[in-house]
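Following: one structure in structure tokens, then a few remarks.
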Amino acid sequence: MNNYFSIGKLVAVFGLQGEFILKHSLGKRTSLQGVEALFVEERKNSFIPYFVQKTSIKDHEHVFVKFEGIDNKEDARRLLQMGVYMEEADFKKQTASSAPLSLLGFTVHDQQLGILGVIEEIIEMPMQVLAKIVISEKEVLLPLNEQSLVKVDKKLQIVHVDLPEGLVDIYLA
């Protein structure tokens, strides 16, 4: 994905003026200050820019967002549950350094196998975080948890892991 980073999705319409509640995984309370546009994935790999008219914080993982040109509930409803993306520069400014999402674009280095690939997506589930990388054109999901994560080198953008033996082979078989 050419420098668009997934931050969450539009989970509800709020009020009568076409405002949304955006559920994000930026890892901190944010009003998205300084972000001029968010990109909505209306179709697979089709990112449509929507210019931000105003925002306000709801809580740690939700923000109220009003887009230009969407002025009523009906117009807003058609974008519900769609993924929301940010350009790389905005993403880096808005993401908490401790948020799993901040690892997007980092290289994964396993202690036994060496360099595996670049993190293309972070999937946050209730009990664990998965990093999606591609090896030999195959999608590989790697757990990032206390057992597998050795260290994160933010300066060199490398995630050092010690994966269970055979885990990567399952995906490549």
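The values are calculated or read from the model by the stated rules, or taken from the named source; none is laboratory data. Keep in mind that what you see is a predicted model, and the values were worked out from it rather than measured. Backbone-built Cβ (ideal geometry, glycine too); neighbour counts: all protein chains shown. The area values use the complete protein model at the heavy-atom level, side chains included, leaving out ligands, DNA and RNA. Shrake-Rupley method; radii C 1.70, N 1.55, O 1.52, S 1.80 Å.
Name the single residue that is farthest from Thr30 (Cα to Cα) among those in the range 89-110 being among the aliphatic types (A, V, I, L, M) and touching a strand residue (DSSP E or B) at 6+ places or on another chain (Cβ under 7 Å).
Here the answer is Val108.
Listed here are the strands (runs of 3 or more DSSP E) enclosed by the range 98-163 that have at least 3 residues being β-branched (Val, Ile, Thr) and out of contact with any His (no Cβ under 6 Å at 6 or more places or on another chain): 129-135.
Number of residues in the range 14-46 that are open to solvent by 20 Å² or more (accessible area, probe 1.4 Å), of a type outside the set (Gly, Ala, Ser) and part of a loop (DSSP other than H, G, I, E, B): the value is 8. For the subset of the range 136-155 comprising residues that are open to solvent by 100 Å² or more (accessible area, probe 1.4 Å) and either of a type in the set (Gly, Ala, Ser) or out of contact with any strand residue (DSSP E or B) (no Cβ under 8 Å at 6 or more places or on another chain) (or both), which member is nearest to Ala96 (Cα to Cα)? Filtering first and then ranking leaves Lys155.
Residue count for the range 156-165 satisfying the condition of being open to solvent by 30 Å² or more (accessible area, probe 1.4 Å) and farther than 17 Å from Ser97 by Cα: 3. Per the listing Val65, Val52, Val84, the residue uniquely in contact with a Phe, Trp or Tyr (Cβ under 8 Å, 6 or more places away or on another chain), touching a residue at least 60 places away in the same chain (Cβ under 8 Å) and either assigned to a strand (DSSP E or B) or among the charged types (D, E, K, R) (or both) is Val84. Based on what the data block shows, is Leu80 hydrophobic (A, V, I, L, M, F, W, C) and surrounded by 17 or more Cβ atoms within 10 Å (Cβ to Cβ)? Spelling it out, it is not the case that Leu80 is hydrophobic (A, V, I, L, M, F, W, C) and surrounded by 17 or more Cβ atoms within 10 Å (Cβ to Cβ).
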